1. Go through the stretch 113-118 residue by residue and turn each phi into a ³J(HN,Hα) via Karplus (6.51, -1.76, 1.60, θ = phi - 60°); whole Hz please, and just put x for glycine and proline.
2. By how many degrees, 0 to 90 and rounded to 10, does the Cα axis of helix 89-104 deviate from the longest principal axis of the chain?
3. Work out how much length Leu100 to Asp329 would gain on full extension: take 0.36 nm times their residue separation and subtract the Cα-Cα distance, in nm to one decimal.
4. Could you estimate the translational diffusion coefficient of the chain from the Stokes-Einstein equation, with Rh from the Kirkwood formula over C-alpha pairs, at 10 °C and 1.306 mPa s, in whole µm²/s?
5. If you plug each phi of the stretch 263-274 into the Karplus form 6.51 cos²θ - 1.76 cosθ + 1.60 with θ = phi - 60°, what whole-Hz ³J(HN,Hα) values come out, in order, with x for Gly and Pro?
6. Given 0.36 nm per residue, what is the gain on full extension from Leu175 to Ala140 after removing their alpha carbon distance, in nm?
7. Does the stretch 104-239 come out rounded, prolate or oblate by the C-alpha gyration tensor, with a ≥ b ≥ c the root eigenvalues, rounded set by a/c under 1.5 and, if not, prolate when a/b is larger than b/c and oblate if not?
8. Calculate the tail of P(r) for the stretch 176-283: the fraction of all Cα-Cα distances greater than 18 Å, expressed in %.
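Read the figures in this text as sums done on the coordinates, not as results from a lab. Everything numeric here is computed off the predicted structure, so don't read it as measured data.
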Amino acid sequence: MNTAITSYKRLCANGEIENNHKQKELILRLVDFLRGTRKSFLDKIFSFTGKSKNKGCFYIHGKVGIGKTLIMDIIFKDFRNNNKNRFHFHEFMISAHDSLHKLRKEKQDNKEFLIAKFAKNFSKKTKFLFFDEFQVTNIADAMILGHLFSELFKNNVKIIITSNTHPDYLYKDGLQRELFLNFIQKIKEESLVYNLEIDTDYRKKNLDRNEVFFISSSSASSLKIDDIYKETIRDCEVEDKSINFKKRNFTIRNLANNSARFSFDELCGSETSAEDYLHLIKYVNMIFLENVPDFSDSNSNQQERFINLIDVLYDNQINLTMSSERKVDDLNSAHYLKDRFIRTKSRLSEMKSKNYRN
């Protein structure tokens, strides 16, 4: 776990993020929490209620764009434990509701029993649960969270949460909020509540840099792509849209506001063709493509699809935001595609320019 602070310092040294002593302090506190240690001076730093004991939850809150998700990503990546899991909160709740529905089909109607059984099954594989962007927006989640978290704590699951909101203000003005108050009390009793007090909105600063190509392995890069994507789609609803042509099905991933977001494998790793890409661009004016690998003779088929994709995007003035294993100029090639790939690299260089994107 000592590598977490090393990873943070490396990102700072590489100019990918700004050095912030409050972020570094948070990393050290999280390391202590995951190790199960508790030092006396923590009482001055954390606000919490309840008996003096090791807590089951570390709850981080603060303004948007101050690096909460970045810190969680660094900690999660560097925490060496096979029983860890990371979820966007809404993804987890969808999964929980689905699992509870399946358990009900086993002719068991006692909701408390079902939640206890779900938590016990879940804890067999997950002892460290990371929740990003924790927010409660509907009554279905609010109704079960108190009991669900109690059962997770009973099964010795440690939980790390990032949120824009202090626990006291969760589900504020929500329908039947009085039924949610027991959860708020439980989370405050079980949590180290940490306010990451930073005034700078790094998200806005990132968006001002006009970067569109990133290195895949960098936690900071992933967050910058998230920020660009969120800024691009604004508040539009995101969907996976299936389109059909010539008895073929093609799924446009994460489509919103004329933008789509794919992993490399989704767009170039399967049996896609230039015709698929031509149909895709009827629906988008921007593509987000993540985790482009380095190329060699071993993945030449995927490289050829990538070349075709870039040709289609370039010829139709489609904007591209991309992350790749290496910088574009340093990407290698399958031997027989080397000459074609020179043109692809040239086109990619032009596509990241302001002139192309305007």
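1. Each residue's phi maps through the Karplus curve to give 5, 4, 5, 4, 5, 4 Hz.
2. It is inclined by approximately 70 degrees.
3. Answer, rounded to one decimal: 77.5 nm.
4. D = 70 µm²/s.
5. In residue order, the calculated couplings are 7, 4, 4, 5, 9, 10, x, 10, 7, 8, 9, 4 Hz.
6. Value of the extension gain: 11.6 nm.
7. Verdict is prolate for the stretch 104-239.
8. 67 percent
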